[in-house]
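The numbers here are math on the coordinates, done by the rules we state, and not lab data. Nothing here was measured: the structure is a model prediction, and the numbers come from that model. Because the Cβ atoms are built from the backbone with ideal geometry, glycine has one as well, and the counts that use them run over all protein chains shown.
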Amino acid sequence: MTSRCILALFATSLLLPAQEPDELEASVKKILDVYAIARENHADPTDSTKLFYEGIIPGLLRKLDPHSVFLDPGQFDQLKRMQRSESKGFGSVVSILPGRVQVLQAIPGAPLAKAGISAGDEILAINNIALGPLTTEQLTQVLSQARQAPA
C-alpha cells in the first residue's frame, strides 16, 4: 500500500517543474513526513489510499491546474466504460465531481438543449434523485441509468 502511494507521488512529480533529484526527493519526503505526523496524531483511523486519491493527488493537481480533475482507478474505469457505451445520451458534455454535475457543453437540438439547459448550468437532480449527497461513483451510476431510460 505504502509503495503504491509513494509511486503515486513520484508519478505526479512528473507534473512538477523540473527539479534536481535532491530537491524532488526533499519535496516528497516533506509530504511523507506531514502524512506520518497527521496519521500519528489523528483521532480516527486513516485510510491511506483514500487520503492519497481524494486528498493529496487532487490537491496537487488543483494547485497545478485548477481545471484538471483527478480520476482514481475506479472512476477512470467507469469513464472508459461510458466512452465505449452505445446507450442513449443527453447530447452534452458534463463535469462530474462529488455531489455535483455541471454542464460544460450542450449540443444544439439534443435533449439537454431542448430542455433549456446550457453550458454552466448545474444539474441538481435526475429523475427526482437529489445529486448533492452522492459520491462521484453514485453520480455516474445515476447518469448512466438515466441515459439508458426510454425518452
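Using the per-residue mean of other Cβ atoms lying within 10 Å as a proxy for protection, in what order, highest first, do the peptides 91-98, 117-124 fall?
For the peptides 91-98, 117-124, the packing ranking is 91-98, 117-124.
First select every other residue whose beta carbon is under 13 angstrom from the beta carbon of residue 140; then total the charges, Lys and Arg +1, Asp and Glu -1.
Surrounding charge for residue 140 is +1.
I want the local charge near residue 29. Using Cβ-Cβ distances under 11 Å, sum +1 for each Lys or Arg and -1 for each Asp or Glu among the other residues. Intermediate results must be reported in sequence, preceding the final value.
Values: positive: 30; negative: 22, 23, 25, 33.
Local net charge: -3.
When you count, for each residue, the other Cβ atoms within 10 Å and take the mean per peptide, how do 72-81, 99-108, 34-43 rank with the highest first? Write out the running numbers ahead of the final one.
Numbers: 72-81: 13.0, 99-108: 15.3, 34-43: 10.2.
So the order, starting with the most tightly packed, is 99-108, 72-81, 34-43.
Considering all projection directions equally, how large on average is the shadow of the alpha-carbon convex hull of the range 73-148, in square nanometres? Intermediate values should be presented prior to the final figure.
Details: hull surface 19.0 nm².
Projected area, direction-averaged: 4.7 nm².
Could you give the nm distance between label points at residue 115 and residue 141, where each point is 7 Å from its Cα heading toward the beta carbon?
Each label point lies 7 Å from its Cα, and together they span 2.0 nm.
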